[in-house]
Amino acid sequence: MRKFYVAGNWKMNLNLAEAKALVDGLKQGLPAGWQSKVDVAVCPPAYMLAPLAAQLKGSNIGLGAQNCYFEPKGAFTGEISPQMLLDAGCDSVIIAHSERRQYFGEAGDLLKKKVQAALAAGLKVIYCIGETLAEREAGKTEAVISKHLREVCGPDLSLDNVTIAYEPVWAIGTGKTATPAQAQEAHAFCRSEIAKIYNTNVAAKVRIQYGGSVKADNACELMGQPDVDGALVGGASLKAADFIGIIKGAMEAR
Ligand code: PGA
C-alpha cells in the first residue's frame, strides 16, 4: 500500500520569522500517529532551507527545495545545485512545477537533466506534470500528461525516489479544485502511462500527489480516490492550521 505524501510548496512567500513560526505550529499541532500514515514535507524558499533544517531536526518532517540546477557547481549565477541543497539539509526537491514551466520556460531535456542530477546527488524528487485550461478544453489532457511523463521517465531513470505531482494548471491558486472524479481519472491515466513506460510493478508503487487548491475541506475526498496518494499544497500550506487540516484529511482518507 502506498503511504500518503503531503508536501507544502510555500513558493515565494513568508519571511524567516514567519517560516519559523509556521514550523513551530506544525511541530506542535500535528496529530498523534501522523508519521505512520503520512509522509509530510515543507518546501520553503532556498535561503530558509538551512535554518529550517536545524529547526526540523528530529521532527520527521521532510525538507524540500522548490527547484535546482543540474550542474554540481560552477559559473551559473543565481542557480543552486542538488549538492548545495543536501548541504543545506534538504532531502527532496520539486522539479518542473508549472510556474517553472510557464514563467521560466523550463521543458524537456532541461527537466530530465535536473531530475537525473537531483537523484544522482541523493535527493528525492517531486516531478510536476499537468495541463492548462486551454489544453483541457481542447481535449488534450491525456496527451499533455503523457508528454510530461515521457520528458523524464524512461528505462534510464528509476522512479524509486520519484513522486509524481499531477497539478492541473487551471486549479493552481484559483480556488477551482479538480473534482475527485477528475483527479482520479487523470491519476489513473498517469499510472497506466507509467505501466507502459516501465511495468505494472513500478506503476503500482509510484506515488502520485494531486495539487491545485487542496484545502482541509476537500483533502479527505480527493485522497480517498484510489490513485491519489497525497497532495502538493500551495496556498493552504502557509498556515499551520490549514496544512494540519489537510494532513488530518489524509489520515482519514483510506
Ligand atoms: P495551490 O498551489 O494549492 O495554491 O493551488 C498548488 C501548487 O502550485 O503546488
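Residues are listed down the side, and each one gets a yes or a no for (1) closer than 17 Å to LEU238 by Cα; (2) in a helix (DSSP H, G or I):
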position	(1), (2)
ASP39	no, no
ALA50	no, yes
GLY64	yes, no
GLY78	no, no
GLN83	no, yes
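Can you name every residue in the range 89-101 that is away from the ligand (no atom under 11 Å from the Cβ) and of a type outside the set (Ser, Thr, Tyr)?
Of the residues in the range 89-101, the ones away from the ligand (no atom under 11 Å from the Cβ) are 89-93, 95-96, 101.
Scanning the range 89-101 gives GLY89, CYS90, ASP91, VAL93, ILE95, ALA96, ARG101.
Identify, please: which residue in the range 110-148 is closer than 23 Å to LEU86 by Cα and of a type in the set (D, E, K, R) and is, among those, surrounded by the most Cβ atoms within 10 Å (Cβ to Cβ)? Reasoning before the result, please.
If we filter the range 110-148 for residues that are closer than 23 Å to LEU86 by Cα, which is where we start, we get 110-128.
From what is left, the residues that are of a type in the set (D, E, K, R) are 112-114, 124.
Working: LYS112: 21, LYS113: 15, LYS114: 23, LYS124: 19.
So, considering only residues that are closer than 23 Å to LEU86 by Cα and of a type in the set (D, E, K, R), the one surrounded by the most Cβ atoms within 10 Å (Cβ to Cβ) is LYS114.
Considering each residue of the range 208-237, count those that are assigned to a loop (DSSP other than H, G, I, E, B) and crowded, with 19+ Cβ neighbours inside 10 Å, and give that number.
At the first step, the residues of the range 208-237 found to be assigned to a loop (DSSP other than H, G, I, E, B) are 212-215, 224-229, 234.
Next cut, crowded, with 19+ Cβ neighbours inside 10 Å only: 212-214, 225, 227-229, 234.
Adding up the residues that qualify gives 8.
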Going through (1) without any contact (Cβ under 8 Å) to a residue 40 or more places away in the chain; (2) surrounded by 14 or more Cβ atoms within 10 Å (Cβ to Cβ) one by one, CYS43 fails only at (1)
Please give the number of the condition GLN102 fails out of (1) modelled with pLDDT of 95 or more; (2) within 17 Å of TYR210 (Cβ to Cβ); (3) loosely packed, with under 15 Cβ neighbours inside 10 Å.
(2)
Residues GLU167, GLU106: which one is within 16 Å of the ligand (Cβ to nearest atom), acidic (Asp, Glu) and closer than 16 Å to LEU232 by Cβ?
GLU167
Matching residues in the range 113-151 - criterion: being over 12 Å from ALA186 (Cβ atoms) and under 16 Å from the mean Cα position of the chain (by Cα)
LYS114, VAL115, ALA118, LEU119, LEU123, LYS124, VAL125, ILE126, TYR127, CYS128
Might you check whether a residue that is of a type in the set (Phe, Trp, Tyr) and more than 21 Å from SER92 (Cα to Cα) occurs anywhere in the range 198-217?
yes
Condition check for ALA117: away from the ligand (no atom under 16 Å from the Cβ), touching a Lys or Arg at 6+ places or on another chain (Cβ under 7 Å) and not hydroxyl-bearing (Ser, Thr, Tyr)
no
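Return the only residue of GLU193, GLU185 being out of contact with any strand residue (DSSP E or B) (no Cβ under 8 Å at 6 or more places or on another chain), of a type in the set (Asp, Glu) and free of Cβ contacts under 8 Å to residues at least 12 places away in the same chain. Lay out the reasoning, then the answer.
On the way: GLU193 fails: free of Cβ contacts under 8 Å to residues at least 12 places away in the same chain.
One residue alone meets the criteria, GLU185.
The values are calculated or read from the model by the stated rules, or taken from the named source; none is laboratory data. Since the model is a prediction, treat every value here as computed from it, not as a measurement. As a convention, Cβ positions derive from the backbone with ideal geometry for all residues, glycine included, and neighbour counts pool all protein chains shown.
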